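Student: To start, I am sharing the structure in question, which I have written as structure tokens.
Every number in this text was worked out from the coordinates using simple rules, so none of it is lab data. Computed from a prediction, not measured in an experiment: that's the story for all the values here. Because the Cβ atoms are built from the backbone with ideal geometry, glycine has one as well, and the counts that use them run over all protein chains shown.
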Amino acid sequence: MSPLTQGTIVLVVTLAMLLSGAPVAFGLGAISVLFVVIFQGLGGLHVVAETFYSGLNDFTLVSIPMFVMMGAAIGSSPAGKDLYEALDRWLYRVPGGLVISNLGACALFAALTGSSPATCAAIGKMGIPEMRRRGYPDDVATGSICAGGTLGILIPPSITFILYGIATETSIGRLFLAGVMPGLLLTGLFMLWTLFIIWKRGFRAHAASFRYSWREKFQSIPKIAPFLAIVVAVMFVLYGGVATPSEAAGVGAALCVLLAILIYRMWRPVQWWDILRDTTRESVMILMIIAAAVLFGYMLTSLYLTQTLAQAIADMHVNRWVLMGIINVFLLVCGFFIPPAAIILMTSPILYPIVRAAGFDPVWFGVIVTINMEIGLIHPPVGLNIYIVNAIAPDVPVTKVMWGTIPYVACMILAIVILCIFPQIATWLPDTLMGTRQ
């Protein structure tokens, strides 16, 4: 049987598994073992356990549960509410200021947690009811939160960047830095669209005479300042050469937990249990997907599927930007059905050598991949953030939420185009602070 036929069979079975709703980690593991046995016989099983273990035998992976705990500690405390209120008091005079406040809160909360679902849930629980109470259109209220939540996997620290860095052996520190400017670009595009649509509809949340005093504005800062200081501190020790990503994540998690206890008096065991439960659940899920994806990658390589695909793409002899367009469409379609972690871990071993051979910067490509994953988070049929928002506002039809996200999807596509024209937006900061890579 030719590698092309084998690849087609593997693709069909894998898509069927993912669309069936089966847990990604167990589904990938089962498919990997099945095809190893079918095409290599029972003798191929002797490397399964070793390959599965090797997928987790990397000290860098310690940073994942630490960053997850960092987000869980903040998400389980009123930090998100305080962050939201602080931004609202400073931006209330801007047209659509409450939506802008939510987007800003999402961007800052994303920098604290690195998780898109956590950002969407934490800010959405406060922002959506408040926006609707003040009369904002439902599609704008829900769509903006869906889009703002996606910033959690782009603005560092980002678990998505950690996974991409591990899968492609790319510097995680460079990836974190590369996500800063595109993250701000995307936040700016979201805000510009919001300003435009609110201005066009002639909506105003506050009366013209309404004012927050300077005292009220500054009163909102002290509670959130320590958490923002943690982000700055983590970035400093990471990029200043003081600590590795794993060490920086551990310190950040410890400080976030400590601040949650001291500032919000989270002494009760049930509150601690929520933090530990959420951290364990998400961390184990991600780590199991990583191990299963490594096994899946071994299966693809041992059957020469990745090499055949890479060679087929190389033999197309198309312009490298046409190639990048094909890759973007491929990632976009994958994002409609498959979680971001699974996509990165399954496709990176295939796409990375192709991208490098075409002369693209792997750090820049990591940002492009991540924005594609963001689109998948707010685009049907999967659209995880859409269903999180629908759970927060169940009386808003899912179709209205989806239509509300479409303009923000267009903003993300525009961001990808801008980054293709000006790749320095992603590469300038890491090259400036960490030196140009050889």
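Student: Just tell me the longest site-free run in the chain, where the sites are trypsin sites (Lys or Arg not before Pro) in a DSSP loop having at most 16 other beta-carbon atoms within 10 Å. Intermediate results must be reported in sequence, preceding the final value.
Tutor: Values: sites that count: ARG93, ARG134, ARG204, ARG211, ARG265, ARG437.
That would be 266-436.
Student: What number, rounded to the nearest 500 deg cm²/dmol, is the helix-based mean residue ellipticity at 222 nm of the chain, given -39500 (n - 2.57) per DSSP H run of at least four residues and division by all its residues?
Tutor: About -25500 deg cm²/dmol.
Student: What number comes out for the charge environment of GLN271, summing +1 per Lys or Arg and -1 per Asp or Glu over other residues with Cβ under 14 Å away?
Tutor: Working: positive: ARG265, ARG268, ARG277; negative: ASP274, ASP278.
Net charge in that neighbourhood comes out at +1.
Student: May I pose another question? Work through the residues other than MET285 whose Cβ is under 13 Å from its Cβ and net out their charges, Lys, Arg +1 and Asp, Glu -1. Please list the in-between numbers first.
Tutor: Values: positive: ARG277, ARG281; negative: ASP278, GLU282.
Computed value for this residue: 0.
Student: I would also like to ask the following. Given a Förster radius of 35 Å and the C-beta distance between LYS200 and VAL62 as r, what FRET efficiency does 1/(1 + (r/R0)^6) yield to the nearest 0.05?
Tutor: Values: r = 48 Å, r/R0 = 1.39.
For R0 = 35 Å, the calculated efficiency reads 0.10.
Student: Taking the Cα atoms of the chain, report the difference between the largest and smallest coordinate on each principal axis, in whole Å and largest first.
Tutor: Extents along the principal axes, in whole Å: 75, 47, 46.
Student: Along the charge dipole of segment 3-434, which of VAL318, GLY183, ALA393 sits closest to the positive end, that is, farthest toward it, with unit charges on the beta carbon of Lys, Arg, Asp and Glu (+1, +1, -1, -1)?
Tutor: ALA393
Student: A further question on this structure: For the chain, return all DSSP H helices satisfying: extent of Cα atoms along own axis at least 20 Å; mean Kyte-Doolittle hydropathy at least 1.6.
Tutor: Details: long enough: 3-19 (24 Å, 1.89); 24-40 (23 Å, 2.37); 97-113 (23 Å, 1.80); 116-133 (24 Å, -0.07); 172-201 (43 Å, 1.43); 225-239 (21 Å, 2.59); 245-264 (27 Å, 1.81); 269-302 (49 Å, 0.82); 320-337 (26 Å, 2.01); 340-357 (24 Å, 1.39); 362-377 (22 Å, 1.47); 398-421 (35 Å, 2.07).
TM-like helix candidates: 3-19, 24-40, 97-113, 225-239, 245-264, 320-337, 398-421.
Student: What length, rounded to one decimal in nm, is gained on full extension from ARG133 through to VAL12, with 0.36 nm per residue of separation minus their alpha-carbon distance?
Tutor: 38.9 nm
Student: Which residues' amide hydrogens lie under 5 Å from the amide hydrogen of LEU154, considering only partners 5 or more residues apart or on another chain, with H built in the peptide plane?
Tutor: Counting only residues 5 or more places away or on other chains, the set is empty.
Student: Below 28 Å, Cα to Cα, which lysines can LYS81 reach? Residues fewer than 8 away in the same chain don't count.
Tutor: Partners within reach: LYS125, LYS217, LYS223, LYS400.
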